[in-house]
Amino acid sequence: MPDTPFKDTLVFNDTLDANSSSDHSQSGDASPETSLHDIQDASRREFLKTLATTGAALACTATLSAVLAACGGGSNPTNSTTPPPATGEQERFAASSVPALATVGGGALRTFANRNNGNPVLIVRVAAGNGSDVFRAMTALCTHAGCTVDTPGTNAWTCLCHGSRFSIQASNFGAVVNGPASRPLQTFPTTFDGTNIIITF
């Protein structure tokens, strides 16, 4: 309730004669000052109640946003599980630059600019030696909800968002081992020239 009308009332009552003031005192009516204070207190309580309600609503909204973000967590710049179309373009890098790829079963995540929609690529050594097929590569974008498959295991990597696991074995590379994902990860043709790993997107 605005303050200005009550200030005007106080000014008006200041001009009343003594008899009028005496009448108020004898009748036991609340003084204008008391009424103003009561109204201000009530307004203050209403304001604080509104402030508390608004704060609670904002806190709930922030919590819900955090939960939704966690549910769809991981890195997914495009927010899509649809595989990008093949372009035939290649990326190459020295196998020796990634220590994890020195042993069979070792894997590493790498991101290549303008490749795989900006999502990480999982490269795994699937066999010993220097043959052309000792390395394999696939997207690390989970086909269930678009999170990143980023947790290594003995025969599979896991997406921690919902627990889907995907094979890293040569015989069924990228296949779903455990759901809820129902589609395999997209794989990319990969070769090794004895020094460099070449991935074709």
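Every number here is computed from the coordinates shown, using simple stated rules; none is lab data. This one's a predicted model, so the numbers in the text were calculated from it and none came from an experiment. With ideal geometry, Cβ positions are generated from the backbone for all residues, glycine too; neighbour counts draw on all protein chains shown.
Data for the structure
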{"read-out": "Cα→Cβ-extended label distance, 7 Å offset, between residue 196 and residue 97, nm", "value": "1.0"}
{"read-out": "Cut-off 15 Å between beta-carbons: net charge of the residues surrounding residue 177, Lys and Arg +1, Asp and Glu -1", "value": "+2"}
{"read-out": "Approximate spin-label separation residue 187-residue 132, in nm, with each point projected 7 Å along Cα-to-Cβ", "value": "1.6"}
{"read-out": "Neighbourhood net charge (15 Å Cβ-Cβ; Lys/Arg +1, Asp/Glu -1) for residue 122", "value": "+3"}
{"read-out": "Residues 101, 122, 160, sorted so that the one with the fewest Cβ neighbours within 10 Å comes first", "value": "160, 101, 122"}
{"read-out": "Value of Rg to Rh for region 90-200 (Rh from inverse mean 1/r over Cα pairs, i.e. Kirkwood)", "value": "0.94"}
{"read-out": "Protection proxy ranking, peptides 123-129, 189-195, 144-150, average beta carbon neighbours within 10 Å, highest first", "value": "144-150, 123-129, 189-195"}
